Amino acid sequence: MTTSEKPMRILAVDDEPFIRELLPLFTARAGFRDVATADGGNTALQMIAAAEQPFDCFLLDVNMPGMDGITLCRRIRALPGHDRTPVIVLTAMNDRDDVARAFAVGATDYVTKPFDLVALGARLEAARDLRAAQLSSGAMAPCAPDIVQGRALDRVAFANYLAQLARGTTGQTQVFAIALAEIAVLQLPGHILGLTAATNRLTQAIDTALGGSGYFMTPTGPGTLVVATDASAALPVARIEALVQAALDAVRTAEATVMETPRLVIRTGRGVMPEASDQADIDAVIDRAAAQLDGPATPQRRWTAPFALFARRPAAPRAAQPSSARIAPQGLSRA
């Protein structure tokens, strides 16, 4: 691990004084020395508001009195200029529901205690690279034209979510792609819906079909989304496709201009089940799920034109695999 200076301003929030003393030492050993600390959510929000230079990354403990880390993450996301700032959650809790709660309010990454220096440094490296990319492009684009609140993640967060599930013992995850057919037609100038509006409808239809269960999705190309659900509780992909198609049809039927609005037709790919061995290359799992759209059709699929496979996005920063050398002071085991 290099000890060279890395220009990233970090705010670490934890109510435990011992951990507030240790975190700057750990981050400095990983090369990140510009670290401020706060003892709770209210103090953190005051520091964010008073900062002359915005923070580039947040490390948030979850289990804090008063305002917990989940609430604080949601509050940070609502602040101007911080809707995409990397947020790394630090917690001893690793149940599937705990992981989902964090990502649903906007967490970028999730680190379980006790953690080791190599793993923490790798996550900070990934956050630094992500922040640099955001700043170089002026702002990070939303992950979907009109996202379903808390369920549509950008690709980096989605990959980190899958990687965290792969590290734990939370059961298998079903990952599959769902896409609009006739993308080329939707992109034609003057189309009554257009690709953006059609994608908005697709995200809402997925939420209608899966809103009662835990799921996350991320866009992987024009009109294409990759969805992750709990395999133990999820419906078969063919059934999900039927429910999403029915939701799209219901919206069209309810419109006053039924005859003028084209029917949106979808297709899905076969599900992929990530294994623990996939966590080092979880981005490939997303690509593999999207590639299933090119597979043979099932009887449930209905579309009227060939679909162009998504344009591959740059690979997301990947979390390092856990190191065998752990730094696990007793205080860092607390949630």
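Would you confirm whether any residue within the stretch 90-97 is among the charged types (D, E, K, R) and under 21 Å from Ala133 (Cα atoms)? The answer is no; no qualifying residue exists. Listed by position, the strands (runs of 3 or more DSSP E) enclosed by the stretch 1-119 that each have at least 1 residues that are more than 30 Å from Gln172 (Cβ to Cβ) are 10-13, 35-38, 57-61. Filtering the stretch 85-119 to residues that are open to solvent by 20 Å² or more (accessible area, probe 1.4 Å) and hydroxyl-bearing (Ser, Thr, Tyr) leaves only Thr112.
Condition first: surrounded by 19 or more Cβ atoms within 10 Å (Cβ to Cβ) and farther than 23 Å from Asp68 by Cβ. Now tell me which residues in the stretch 120-137 satisfy that.
Selection gives Gly121, Ala122, Glu125, Ala126, Arg128, Leu130, Arg131.
Of all residues in the stretch 170-181, those being within 16 Å of Glu241 (Cβ to Cβ) and surrounded by fewer than 18 Cβ atoms within 10 Å (Cβ to Cβ) number 0.
Residues are listed down the side, and each one gets a yes or a no for (1) buried (at least 16 other Cβ atoms within 10 Å of the Cβ); (2) aliphatic (A, V, I, L, M):
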position	(1), (2)
Ile10	yes, yes
Pro17	no, no
Ala38	yes, yes
Ile48	yes, yes
Cys57	yes, no
Asp68	yes, no
Leu72	yes, yes
Arg77	yes, no
Asp83	no, no
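Given the structure, is Arg270 out of contact with any Leu (no Cβ under 7 Å at 6 or more places or on another chain), at pLDDT 90 or above and in a loop (DSSP other than H, G, I, E, B)? Against the criterion (out of contact with any Leu (no Cβ under 7 Å at 6 or more places or on another chain), at pLDDT 90 or above and in a loop (DSSP other than H, G, I, E, B)), Arg270 qualifies. Among residues of the stretch 24-37 that are of a type in the set (Ser, Thr, Tyr), those with a beta-carbon under 6 Å from a residue that is modelled with pLDDT of 90 or more at least six positions away or on a different chain give the pairs Thr27/Val35; Thr37/Ala12; Thr37/Arg20.
Filtered by the rule that a residue be open to solvent by less than 10 Å² (accessible area, probe 1.4 Å) and not in a helix (DSSP H, G or I), the stretch 182-234 gives Tyr215, Phe216, Met217, Thr218, Thr220, Gly223, Thr224, Leu225, Val226, Val227, Ala228, Thr229.
The values are calculated or read from the model by the stated rules, or taken from the named source; none is laboratory data. In this text the structure is predicted, and so the values were computed from the model without any measurement. For neighbour counting, all protein chains shown are included, and Cβ atoms are generated from backbone atoms with ideal geometry for every residue, glycine included. SASA here: full protein model, heavy atoms, side chains in, ligands and nucleic acids out. Shrake-Rupley method; radii C 1.70, N 1.55, O 1.52, S 1.80 Å.
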